[in-house]
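Chemist: Mind having a look at this structure? Questions to follow.
The values are calculated or read from the model by the stated rules, or taken from the named source; none is laboratory data. Quick caveat, the model's predicted, so the values are computed rather than measured. A quick note on method: Cβ atoms are made from the backbone with ideal geometry, for glycine too, and the neighbour counts reach across all protein chains shown. The area values use the complete protein model at the heavy-atom level, side chains included, leaving out ligands, DNA and RNA. Shrake-Rupley method; radii C 1.70, N 1.55, O 1.52, S 1.80 Å.
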Amino acid sequence: MTRRTERRRRTLLAVGGALAARAALAAAALTARPAGDAWRRTNYAGRPVTLLGGPALAAAATATAALGAPRGSRAAAAIVGGVAGLVGGYDDLAGARPEQAADKGLAGHLRALRAGRVSAGAVKVAGIGAAAATAALLTGRGRSKGAGALVDGVLTTGLVAGTANLLNLLDLRPGRAGKAGALAAAATLRGPAGGLVAGPLGATLAVLPEDLGEHVMLGDCGANALGALIGLRLAALPGRGSRARLLAVVVALTVASEKVSFTKVIEATPGLRELDRLGRRAR
């Protein structure tokens, strides 16, 4: 396949992802009353939003990622995007119950387990972890042997699950997770596995105006699915050293999130602050 043909294919995937996402958003709008009541939330500014933007993004991104992925990664893309979206949607709904209000973050999930309860977040973590490990097995066949295969498996599992969680941690302000996901997808479009994120990039950009306009939120469903697909793309990068460094960054940011507010850091950092506010409604 020539470079021109590949660029054309990825452009078509991006357009397809955008069209699929817009169609899914339109379908979600039709279910807003009364079937969508369970997905309604009040955002940080006190405005009513719907979490149905998450399923719209997850479905469009997963379908187009599976179409655009290299032949040996198509099943893995379908699994990580599909499972992350499903368990993320479960957490969006079940995690909103009053009895699970305190079961947030790693510490909250652990407290629930010590109390003999399985939080919705713990179900999500287990589901995404299992999907990530499955993807590692599917994409690792023939890639390496022996200890190298084990290292590659750990890196793939960690990047898929870790990036899924990290992108969800950013979904605290309108458009923040979408912008981060779009930038990561755009940065990794090139290379043999770049087609994997072409469709998700288009889907994310299509949902972003509704997210910034505070009509929808990605929620766990959308953010986890998009993050898992980006993680799978990162796992396809050449060089174990580069993948290991990326995983270290993901882990460090995740651990830091338990003690440090990303919002406060972003607001205090020139450049990040302006990017974060770009396109957002005035309060």
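Chemist: Can you tell me how many residues in segment 164-178 are under 15 Å from Leu253 (Cβ atoms), of a type outside the set (Asp, Glu) and assigned to a loop (DSSP other than H, G, I, E, B)?
Modeler: Within segment 164-178, residues that are under 15 Å from Leu253 (Cβ atoms), of a type outside the set (Asp, Glu) and assigned to a loop (DSSP other than H, G, I, E, B) number 2.
Chemist: Based on what the data block shows, is Leu237 touching a helix residue (DSSP H, G or I) at 6+ places or on another chain (Cβ under 8 Å) and outside any helix (DSSP H, G or I)?
Modeler: For Leu237, the condition - touching a helix residue (DSSP H, G or I) at 6+ places or on another chain (Cβ under 8 Å) and outside any helix (DSSP H, G or I) - is met.
Chemist: Right, next: Return only the number of the condition from (1) farther than 20 Å from Leu51 by Cα; (2) open to solvent by less than 80 Å² (accessible area, probe 1.4 Å); (3) part of a helix (DSSP H, G or I); (4) at pLDDT below 90 that Val123 does not satisfy.
Modeler: Unmet condition: (1).
Chemist: Quickly run through segment 176-216 and pick out the residues that are aliphatic (A, V, I, L, M), surrounded by fewer than 22 Cβ atoms within 10 Å (Cβ to Cβ) and over 15 Å from the mean Cα position of the chain (by Cα).
Modeler: Those that are aliphatic (A, V, I, L, M), surrounded by fewer than 22 Cβ atoms within 10 Å (Cβ to Cβ) and over 15 Å from the mean Cα position of the chain (by Cα): Ala187, Leu189, Leu212.
Table: residues versus (1) assigned to a helix (DSSP H, G or I); (2) out of contact with any Lys or Arg (no Cβ under 7 Å at 6 or more places or on another chain); (3) basic (Lys, Arg).
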{"position": "Gly162", "(1), (2), (3)": "yes, yes, no"}
{"position": "Ala180", "(1), (2), (3)": "yes, yes, no"}
{"position": "Leu196", "(1), (2), (3)": "yes, no, no"}
{"position": "Leu226", "(1), (2), (3)": "yes, yes, no"}
{"position": "Arg245", "(1), (2), (3)": "yes, yes, yes"}
{"position": "Val250", "(1), (2), (3)": "yes, yes, no"}
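Chemist: So the check is Cβ under 8 Å with 6+ separation or different chains; which pairs have a first residue in segment 1-26 that's of a type in the set (S, T, N, Q) and a second one that's surrounded by 14 or more Cβ atoms within 10 Å (Cβ to Cβ)?
Modeler: Between residues of segment 1-26 that are of a type in the set (S, T, N, Q) and residues that are surrounded by 14 or more Cβ atoms within 10 Å (Cβ to Cβ), the close pairs are Thr11/Ala198.
Chemist: Being among the small types (Gly, Ala, Ser), over 27 Å from Thr134 (Cα atoms) and over 21 Å from the mean Cα position of the chain (by Cα) narrows it down to one of Ala24, Ala45, so name that one.
Modeler: Ala45
Chemist: Another one. For the structure I just gave you, tell me whether Arg71 is open to solvent by 50 Å² or more (accessible area, probe 1.4 Å), at pLDDT 85 or above and closer than 23 Å to Gly231 by Cα.
Modeler: yes
Chemist: Next question, about the same structure. For segment 74-94, how many residues are among the hydrophobic types (A, V, I, L, M, F, W, C) and open to solvent by less than 10 Å² (accessible area, probe 1.4 Å)?
Modeler: Count: 5.
Chemist: Let me ask you something else. Does Arg173 satisfy the criteria of being over 14 Å from the mean Cα position of the chain (by Cα), within 24 Å of Pro55 (Cβ to Cβ), open to solvent by 20 Å² or more (accessible area, probe 1.4 Å) and among the charged types (D, E, K, R)?
Modeler: For Arg173, the condition - over 14 Å from the mean Cα position of the chain (by Cα), within 24 Å of Pro55 (Cβ to Cβ), open to solvent by 20 Å² or more (accessible area, probe 1.4 Å) and among the charged types (D, E, K, R) - is met.
Chemist: Select from segment 246-264 the residues that are open to solvent by 50 Å² or more (accessible area, probe 1.4 Å) and touching a residue at least 24 places away in the same chain (Cβ under 8 Å) and write down the one among them that is farthest from Asp171 (Cα to Cα).
Modeler: Checking each candidate, the answer is Leu246.
Chemist: Restricting segment 45-68 to residues that are touching a Ser or Thr at 6+ places or on another chain (Cβ under 8 Å) and touching a residue at least 12 places away in the same chain (Cβ under 8 Å), which is surrounded by the fewest Cβ atoms within 10 Å (Cβ to Cβ)?
Modeler: Taking the candidates together, the pick is Val49.
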